[in-house]
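Peer 1: Structure incoming, see below.
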Amino acid sequence: MDVVLIRLLFVLFVSVICFKIHPFDLPSNLDAAVGVLIGVAIIVFEWRLRVMSLKRLIGAAIGSVLGIFGAYLFALVIRNSLPAGPTQSFLQIMVMLIMAYVGLAVGANKGDLLNLAALGGIFGGEKSGKKSYKILDTSVIIDGRIADIAETGFLDGLIVIPQFVLRELQLVADSADSLKRNRGRRGLDILQRLQKTASVQIQIVEDDFPSVREVDMKLIELAKLYEGKIITNDFNLNKVAQLQGVAVLNINELANSLKPIVLPGEIMRVFILKEGKEYNQGVAYLDDGTMVVVDNARKMIGKTIDISVTSVLQTTAGKMIFGKWDERATGRHESKGTSSVPLTAPSSAGSNGPPSDPAKKTPAVADRTAD
C-alpha cells in the first residue's frame, strides 16, 4: 500500500511540475495531462525493471551504453556528411534512439549468459537463481496429469510452452474426428488450469526451427537452446532425446515409481474382473491401473477374493503383479465361520459345491497339481 501511495504522489508531482513550467508550450491542462502520462510511463518502466533478474539489468545497462556510444560515432559521420539543418538533427536523434533501444533489448536478452557468480560477493547468490526450464510436449498436455503434478507443488522452474506445440494442439482440437477433437480441447483446458496454478510460471515462446519439420525434433532443439528438460509421456521421444543428451521427465515413469511396492508372499484383496489368457487365470486391476494376474481364479470372476502375491514384473508399460488364489485356505476360513461340522470332518473342495461331491473335487485337485 505504501508503494502505491508513493507512485501516486510521484505521478501527481510530475503533473504539477508540467502544469507550472509549461515544458511543451501547451495549455496548462494539456501540459498537466502529458505530465500524468509521463509519470505513468515511468512507473510502468519501473514495474518491469522489478521483475527482471540482475543479469538482465546489467546486460541491458551495458547494451544501452554501447548503443549510445555507437550512436555518437554515427552522429559524427552524419554531422560531417550533411549540412546543418532539420534533416541532420532528425537523423542524429533517430540514430541515438535506435542504437540505444537495440543495445538495451539485445543486452537484456543476452544478460542471462553472464556468469555473475564468478565475481563473488553480492553476485555469488545469482548462481542459485538460474532458471530451470521445463518444456511441455503435446502428448503430456493432452494427458492432463501434468496439471495435477503442478498443483501439488512438486513441479518447479519455468514451464515453457512452444508456439509450435500450441499450433499442433489447435490442429488436434479442430480435427474432424470427434475423439481427436475432444482430446485437443481437453489439452487446451489443461493449459488454462496450468495458467491458474500459482506455484508455476507459464511462458509461451516463439522460438521455431523452420529447417526442422517434426515437432519432436523441434522440442529437442529447443531444449538444447534453453538448456531445459522435456516433459513427455512419449516413449519414442524419450529415447531419441536421451540419445542426443537432452534430459527428459517422463510422466509414465513417475507414475510407475509412485505405485505401491508389493512383495512376494503378501496378501492382497482384489476384484476378479475378467478371464486371463492362460488356463484358469483371472485378471484384476488395482486402483492405479496395475494389472493383477491370478492363477486358479477363473471361477471367481465377478467376486472379491484374497490372493497371495507370487511375483512382480516390471515392464515398459508399468508393473504387473502375479498372484495365486488358494481355494483351500478360503474353504477353511468359510468352514470356521459358517459351519458347525467338527474339524475331523472331510475337508471341502471349495465353497461352490458339497464336500462329498467327487465330481467337484477333481478340478481343484487338478489345479493344485498344475500349480
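Peer 1: Of the residues 26, 5, 57, 30, only one is modelled with pLDDT of 85 or more and among the hydrophobic types (A, V, I, L, M, F, W, C); which?
Peer 2: 30
Peer 1: Any chance you could count how many residues in segment 144-188 are among the β-branched types (Val, Ile, Thr) and outside any helix (DSSP H, G or I)?
Peer 2: Final tally of qualifying residues: 3.
Peer 1: Which one is nearest to residue 46 (Cα to Cα) among residues in segment 57-107 that are among the β-branched types (Val, Ile, Thr) and free of Cβ contacts under 8 Å to residues at least 12 places away in the same chain?
Peer 2: This residue is 93.
Peer 1: A follow-up question, please. Could you say whether any residue in segment 146-165 is more than 23 Å from residue 253 (Cα to Cα), crowded, with 16+ Cβ neighbours inside 10 Å and touching a residue at least 24 places away in the same chain (Cβ under 8 Å)?
Peer 2: Within segment 146-165 (the criterion being more than 23 Å from residue 253 (Cα to Cα), crowded, with 16+ Cβ neighbours inside 10 Å and touching a residue at least 24 places away in the same chain (Cβ under 8 Å)), the answer is yes, since at least one residue qualifies.
Peer 1: Go through segment 16-53 and count every residue that is of a type outside the set (Val, Ile, Thr), more than 20 Å from residue 3 (Cβ to Cβ) and part of a helix (DSSP H, G or I).
Peer 2: 11
The values are calculated or read from the model by the stated rules, or taken from the named source; none is laboratory data. This structure is a prediction, so every number in the text was calculated from the model and none was measured. Positions of Cβ are generated from backbone atoms using ideal geometry, with glycine treated the same way; all protein chains shown enter the neighbour counts.
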